[in-house]
Every structure is written in C-alpha cells, then in structure tokens.
Amino acid sequence: MPFTAQAQPLSPSFFVFNGGPYVIATHLDGSLVGSTTLYPGASTPAKPGEEVVIYANGFGATTVPVSSGSITQSGNLSPLPVVTIGGVTANVIFAGLILPGEFQFNVTVPATVGNGDQTITATYGGTTAQSGTLITIHN
C-alpha cells in the first residue's frame, strides 16, 4: 500500500547507551563517559573543563560532500553546532563526519557545570537533537 513520508534535510540525534538517556561519549583516552554504575569498571564521569568526544547522526551536509557507497567519510560541519551541557553553552572544538552517518563532536565541558547528570543538547540549522539526553559530570 503506498504512503507518504516527509523527508527532512536534518534530523539530528545523539547516539545513546541502551536506548537512553545517556549520550555515548568518551574521554580523550577512549574510555567511556558515564556514571561509575553505567558500565562498572569501564565508565567514569566527565569533569568540568574536560574535552570529551560525543557521537551523533543526522546533522546534515558537511564541507566535503558525502561519497555514495564509500566506507570512509569526512567533512566538517560549518558553522559548528551549538552544544549545551547543564544549560551552559559548551565550547565545540570539532564537529564532523567520521564514518558514514556518524558525527563526532569534540566538546569542552563548561567549567561552571555542577556534579551529577546534566542535560545535553545540540542545535544545528535551527533543529535540535532529541530532548531528555544526559551526560554525567563530576569534579
């Protein structure tokens, strides 16, 4: 049976652990960002002022066009998305395509963000990633 589907140029979302609400993020050494109970022995909270890597999809076209069928992709988002953690705008150092459909954001956690689970958002091209996502911070 035919049906109509609405296409959108952007549909940004964070990748999340186990369906959410925690974003998939890593410390610069590759270890997982999360509460110590998220993945015991493998995850630790991010610290205020720390650079973390966050993974997402659906942020649209990059400075380098996507190569159809290629297993490698690259290109930066321009302008950079606006990322907030705990309601505070974070410094986005890098935002780009690293694999087909997979974006990487290198973000500095704002120094003023408090301890605990903090909301995280990303806005790009007037569209915002899904609500209700969290990242765990602890000084």
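Tabulated data
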item: Whole-Hz couplings from phi, Karplus 6.51/-1.76/1.60, listed for the range 64-76; x for Gly and Pro; result: 10, x, 5, 9, 4, x, 7, 7, 10, 9, 7, x, 9
item: Protection proxy ranking, peptides 88-96, 48-56, average beta carbon neighbours within 10 Å, highest first; result: 48-56, 88-96
item: Accessible area (Å², per residue) of the chain, counting only protein heavy atoms and a probe of 1.4 Å; result: 53
item: Where labels lie 7 Å past Cα in the beta-carbon direction, separation of residue 15 and residue 68 in nm; result: 2.6
item: Column: log10 I(q)/I(0), Debye, Cα scatterers of the chain, q = 0.10, 0.14, 0.21 Å⁻¹; result: -0.34, -0.63, -1.27
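The values are calculated or read from the model by the stated rules, or taken from the named source; none is laboratory data. It should be emphasised that the depicted structure is a prediction, and the values quoted were computed from it without experimental measurement. Glycine gets a Cβ as well: all are built from the backbone with ideal geometry, and neighbour counts include every protein chain shown. For the accessible areas, the whole protein counts, side chains as well, though only heavy atoms, and no ligand, DNA or RNA atoms are used. Shrake-Rupley method; radii C 1.70, N 1.55, O 1.52, S 1.80 Å.
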